[in-house]
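Colleague: For reference, the structure I am asking about is given below.
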Amino acid sequence: MFIKKDKYSPFMPPIVPSGFNQTAFNNFILEHKVIGFFDQPITLKSGRQSNWYVNWRKPSEDVALIDELADHIIDFINAQKLNPDTIYGVPEGATKIGIITQYKWATWANDSNEQNKYVLAMGRGKPKEHGQSEDRFFLGMPKGRTVVIEDVTTTGGSLIETIDNLKSVSVDIVAAIGLTNRMEKRNDQLTVEEVVQRNNVPYYAMSDALELLPLACQRYRPHRDIVRSVEREFNEYGIKPINLMHLLVGGV
C-alpha cells in the first residue's frame, strides 16, 4: 500500500518498502487519466488505428505525480526482487521517469552515501553519428544490473531498439518493465513479452489493458460506438478478445 509521497526521499532514513499495490497503481492511472478514449480513432506510433489511449505524459510532467509514480515503480522492482544498480528509461518517452526513479532508488538504497556506486543514466533520443558507442547512445551510460523502463508497450519497437543498444555496449539487463502493456500482438503475431524474452530479457508489466479498460469504461462511460470499436481492435490485434459492452448497462 502506498504510504506517503516522500517515502523514498533521500532526506528520510531508509525504511522497509511497503510492497507493490496493484489496486493503488490502477487507481493512480485512472485518477490522472493516463488511460482514456477518443471519439475518433487516432494513429498510434505503431501505425495502428485506435479509439483508446495510454499516455503517461501528465504524470511525467508534474513533480508531485512523477515522485509518486517513482515510488510505485520502486515498490514493483522490490516485489520482483530485481535489485538493480541502474534504472534506465527508454528514450525519450520514459527518460524523465527513469532519471527520477533512479535518483530515488539510489538515495534510498545507498544509505552510506558512497560515491560512484550509482549513476544517473540517460539515453539519447537520436544517436550521434560518430564517437564510441557509450557516447553515441548515452548521456551517462548504465552500469551494473540494469532495469529498463518503458511507459507504454504496444509492439515493443522502441523497447527492443533500446535493449539492442544497451547490449551493444555489454550492459547487464536484468529486466524490462512496461508501466502499461496494451496487450496487443505484433504483425508477426508475437507479443511484446515474447519478443523481449527472445532477447533473453525478462519482461514485466505493471498494468495492462485487459484489466484497465473495464475499469476505464465503468469510470468514464464512453459512447457505445467507441466501446464496440475497442472490442473490434482487440478482435484484430489483441492477445485475446475483450468484452466491454456489458459494463455500459444503462449508459449511452
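The values are calculated or read from the model by the stated rules, or taken from the named source; none is laboratory data. Please read all numbers here as calculations on a predicted model, not as lab measurements. So basically every Cβ, Gly included, is an ideal-geometry build from the backbone, and we count neighbours across all protein chains shown.
Colleague: Would it be correct to say that Ala121 is part of a loop (DSSP other than H, G, I, E, B), under 20 Å from Trp56 (Cβ atoms) and touching a strand residue (DSSP E or B) at 6+ places or on another chain (Cβ under 9 Å)?
Modeller: Values: part of a loop (DSSP other than H, G, I, E, B): yes; under 20 Å from Trp56 (Cβ atoms): yes; touching a strand residue (DSSP E or B) at 6+ places or on another chain (Cβ under 9 Å): yes.
Criteria met by Ala121.
Colleague: Filter the stretch 234-252 down to the residues that are assigned to a loop (DSSP other than H, G, I, E, B) and over 21 Å from Gln189 (Cβ atoms) and list them by number.
Modeller: Just the residues of the stretch 234-252 that are assigned to a loop (DSSP other than H, G, I, E, B), to begin with: 239-244, 249-252.
Hits for the stretch 234-252 are Asn243, Leu244, Val249, Gly250, Gly251, Val252.
Colleague: Next up: Taking Gly178 as meeting all but one of (1) in contact (Cβ under 8 Å) with a residue 40 or more places away in the chain; (2) under 17 Å from the mean Cα position of the chain (by Cα), write down the number of the exception.
Modeller: That leaves (1) as the condition not met.
Colleague: Next question, about the same structure. Tally up the residues in the stretch 76-99 that are under 17 Å from Thr153 (Cα atoms), of a type outside the set (D, E, K, R) and in a loop (DSSP other than H, G, I, E, B), please.
Modeller: So the count comes out to 4.
Colleague: Now for a different question. Kindly evaluate Asp208 against the criterion of being closer than 26 Å to Lys33 by Cβ and acidic (Asp, Glu).
Modeller: Details: closer than 26 Å to Lys33 by Cβ: yes; acidic (Asp, Glu): yes.
Yes, satisfied.
Colleague: Next question. Condition check: modelled with pLDDT of 95 or more, surrounded by fewer than 22 Cβ atoms within 10 Å (Cβ to Cβ), not acidic (Asp, Glu) and not in a strand (DSSP E or B). Does Phe37 satisfy that? Give the derivation first.
Modeller: Values: modelled with pLDDT of 95 or more: yes; surrounded by fewer than 22 Cβ atoms within 10 Å (Cβ to Cβ): yes; not acidic (Asp, Glu): yes; not in a strand (DSSP E or B): no.
For Phe37, the condition - modelled with pLDDT of 95 or more, surrounded by fewer than 22 Cβ atoms within 10 Å (Cβ to Cβ), not acidic (Asp, Glu) and not in a strand (DSSP E or B) - is not met.
Colleague: Filter the stretch 124-136 for residues that are part of a loop (DSSP other than H, G, I, E, B) and closer than 16 Å to Ser170 by Cα and give the result.
Modeller: Going through the stretch 124-136, the residues part of a loop (DSSP other than H, G, I, E, B) turn out to be 124-132.
Selection gives Gln132 alone.
Colleague: For Pro222, which of the numbered conditions (1) surrounded by 16 or more Cβ atoms within 10 Å (Cβ to Cβ); (2) in contact with a helix residue (DSSP H, G or I) (Cβ under 7 Å, 6 or more places away or on another chain) fails to hold?
Modeller: Looking at each condition in turn, Pro222 falls short on (2).
Colleague: Now, a different point. Quickly run through the stretch 168-183 and pick out the residues that are modelled with pLDDT under 95 and either more than 30 Å from Gly131 (Cα to Cα) or basic (Lys, Arg) (or both).
Modeller: none
Colleague: Right, another one. Return a yes/no flag: does the stretch 93-114 have any residue that is exposed (fewer than 15 other Cβ atoms within 10 Å of the Cβ), under 20 Å from Ser170 (Cα atoms), among the polar types (S, T, N, Q) and out of contact with any helix residue (DSSP H, G or I) (no Cβ under 7 Å at 6 or more places or on another chain).
Modeller: The answer is no, given that none of the residues of the stretch 93-114 is exposed (fewer than 15 other Cβ atoms within 10 Å of the Cβ), under 20 Å from Ser170 (Cα atoms), among the polar types (S, T, N, Q) and out of contact with any helix residue (DSSP H, G or I) (no Cβ under 7 Å at 6 or more places or on another chain).
Colleague: In addition: Quick check on my filter: what residues within the stretch 211-233 are touching a residue at least 24 places away in the same chain (Cβ under 8 Å) and either in contact with a Ser or Thr (Cβ under 6 Å, 6 or more places away or on another chain) or under 18 Å from Gln189 (Cα atoms) (or both)?
Modeller: Scanning the stretch 211-233 gives a single hit, Glu233.
Colleague: Take Ile73 and tell me if it is of a type in the set (A, V, I, L, M), in a helix (DSSP H, G or I), touching a Ser or Thr at 6+ places or on another chain (Cβ under 6 Å) and at pLDDT 95 or above. Even if it seems obvious, please write down each step before you answer.
Modeller: Working: of a type in the set (A, V, I, L, M): yes; in a helix (DSSP H, G or I): yes; touching a Ser or Thr at 6+ places or on another chain (Cβ under 6 Å): yes; at pLDDT 95 or above: yes.
Yes.
Colleague: Looking at Lys185, Lys167, can you tell me which residue is touching a residue at least 12 places away in the same chain (Cβ under 8 Å), surrounded by fewer than 19 Cβ atoms within 10 Å (Cβ to Cβ) and in contact with a Ser or Thr (Cβ under 9 Å, 6 or more places away or on another chain)? Even if it seems obvious, please write down each step before you answer.
Modeller: Working: Lys167 fails: in contact with a Ser or Thr (Cβ under 9 Å, 6 or more places away or on another chain).
Exactly one of Lys185, Lys167 is touching a residue at least 12 places away in the same chain (Cβ under 8 Å), surrounded by fewer than 19 Cβ atoms within 10 Å (Cβ to Cβ) and in contact with a Ser or Thr (Cβ under 9 Å, 6 or more places away or on another chain), namely Lys185.
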